[in-house]
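What follows is a single structure, written as C-alpha cells, with notes after it.
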Amino acid sequence: MHNKHLISERRLSILSILVAFLFLGNICYQLHVVPEWKWGPAIHKTPKHTVSDFRSEIFERGKSIYALAAYIDPNADYEPEAFPELVHGSQYRSTQLGPMVSDGCNVVVVHRLEQEGAAPITVIDIIHIGQRGGRIDRMTRYIADGRR
Amino acid sequence: MSRMIEYEWNVGTVTKLALSAMRIYLGCWMIVTGTSYWLTEFGLPSIFPHLVRNAPLSSQLLVTLMEVGLYDVVKTWEIIGGLMLVFNRFVPLGLIICLPITFIVWYNAIILNERYGHLFNPTHMGAMCFYMNILVMVGYARYYAPLVVTRAKMGSVKGVEN
C-alpha cells in the first residue's frame, strides 16, 4: 500500500527555480574556476584574429614587449633571434604581402620586414595558437629568397 | 489558489524527478554557455573562454560558425532554449531547439576533438548534454509520438490535443 502525498504546483515551481539557481552557480564555478584557464589576450578570438592583434601590437602600437609577454606562451617553441621585432625599442615595419592564411590553429603570414639602414627581407611566419589559454605556443620563421 | 499535485513515492515519481533535474541542469548549462558568449560581445568578462583552438577540424568548425555569423544564432537559441527548460515552459519545443545544438556540441567534443575517452564521462558536459537532451525527450515522448506518422495529412491545428 503506497502513501499518497500532495504538493502545490506553486511550491514545486519555486523549488525548481531554487534548484536552477544551485545548478547555475555550480556550472559557473565549474566552467570559470576548475579548468584553470589561462586568461590570455587571445581567448574569444579566432587564431587569425589573434595573430592580427599580435601584429598590431608590435607594428602599429610599437608594444613589442607587451606583445611578447601577453601573446606568447612562456614555454613557446621559437627562436628569439629570428624575431628581432620582438626586442624592446625595435623600429621594424611590416607590410603584409598577401592574405593571412589560417588552418585550424595554424596561421601563416607572409610579410616584408623593413628597418632603416637595412635591406628589407621577406619572411613567412607559421604561428601556432596553443590550447586552453589562447597564447602562441610555436612560431617558425622562414626567410624567402625572393625568387618568383 | 495553486493547483495541487498528488504523488506517491514509486519508480515513476523518482524517474520524473531525475528527468526534471536533468531538464533544469541542461537548461542552466545552455543559459550559461549562451550568456558567456554574449557577455564578451558586449565587452564584459565571460564566464569561461570559448575554445577555438582545439583540434584543427574543431577549430575549423567553430571559426567558420563565427565568421559566417551562425555562432551568434546558436548562442541566442541556447539562451532561449535554456530558459524554456528551466522555467518549464514549452519544454517539448525547447528540447527540439536544444537538440541540434547539443548534437553539434557532442560531435565537436567527441568526434572532432577525438576525445573518445570522454564518450561516457559523466562530468564532461560536451558529451553529456546530448544524452541528457535525448533522455529528457524520452520523458516527453507523448508529444513527439504524433510526429512519427507514415502518411501525414495537411490541415489546420483544430482538433489537436494539448
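The values are calculated or read from the model by the stated rules, or taken from the named source; none is laboratory data. Owing to the predicted nature of the structure, the values given are computational and were not obtained by experimental measurement. We place every Cβ from the backbone using ideal geometry, glycine too, and count neighbours over all the protein chains shown. Calculation scope for accessible area: heavy atoms of the full protein, side chains included, ligands and nucleic acids excluded. Shrake-Rupley method; radii C 1.70, N 1.55, O 1.52, S 1.80 Å.
If you go through the range A:95-110 and pick out every residue that is within 17 Å of A:Y71 (Cβ to Cβ) and touching a residue at least 40 places away in the same chain (Cβ under 8 Å), you end up with 6.
Among the hydrophobic types (A, V, I, L, M, F, W, C) and either surrounded by fewer than 18 Cβ atoms within 10 Å (Cβ to Cβ) or outside any helix (DSSP H, G or I) (or both): is that true of B:I47 in this structure? It is true that B:I47 is among the hydrophobic types (A, V, I, L, M, F, W, C) and either surrounded by fewer than 18 Cβ atoms within 10 Å (Cβ to Cβ) or outside any helix (DSSP H, G or I) (or both).
Selection of the range B:6-20 for residues being at the interface with chain A (Cβ under 9 Å from one of its Cβ atoms) and in contact with a helix residue (DSSP H, G or I) (Cβ under 6 Å, 6 or more places away or on another chain) yields only B:Y7. The lone criterion from (1) at pLDDT below 95; (2) facing chain A (nearest Cβ under 7 Å) left unmet by B:C28 is number (1). Counting only helices (runs of 4 or more DSSP H) that fall entirely inside the range A:1-100 and contain at least 3 residues that are more than 14 Å from every other protein chain (Cβ to nearest Cβ), the qualifying elements are A:64-71. For the range B:7-24, the condition of being of a type in the set (V, I, T), open to solvent by less than 30 Å² (accessible area, probe 1.4 Å), part of a helix (DSSP H, G or I) and at pLDDT below 90 holds for none of the residues. Scanning the range B:52-88 for residues that are in contact with a Leu (Cβ under 8 Å, 6 or more places away or on another chain) and assigned to a loop (DSSP other than H, G, I, E, B) gives B:V52, B:N54, B:A55.
Of note, B:F103 satisfies the criterion of being open to solvent by 80 Å² or more (accessible area, probe 1.4 Å) and within 17 Å of B:W29 (Cβ to Cβ).
Counting the residues of the range B:32-44 that are among the aliphatic types (A, V, I, L, M) and either at the interface with chain A (Cβ under 8 Å from one of its Cβ atoms) or open to solvent by less than 30 Å² (accessible area, probe 1.4 Å) (or both) gives 1. Residue-level check: of (1) hydroxyl-bearing (S, T, Y); (2) open to solvent by 30 Å² or more (accessible area, probe 1.4 Å); (3) more than 19 Å from the chain's Cα centre (by Cα), B:S58 misses just (2). Would you please list the contacts, defined by Cβ atoms under 8 Å and residues six or more apart or on different chains, that run from a residue in the range A:124-143 that is away from every other protein chain (no Cβ under 14 Å) to a residue that is in a loop (DSSP other than H, G, I, E, B) and aliphatic (A, V, I, L, M)? Cβ pairs passing all conditions: A:I124/A:A144.
Count of the range A:74-106 residues, restricted to those that are open to solvent by 30 Å² or more (accessible area, probe 1.4 Å), among the charged types (D, E, K, R) and closer than 16 Å to A:M139 by Cβ, is 4. All of A:I124, A:I65 fail the test of being aliphatic (A, V, I, L, M), more than 30 Å from B:W38 (Cβ to Cβ), open to solvent by 40 Å² or more (accessible area, probe 1.4 Å) and in contact with a strand residue (DSSP E or B) (Cβ under 6 Å, 6 or more places away or on another chain), apart from A:I124.
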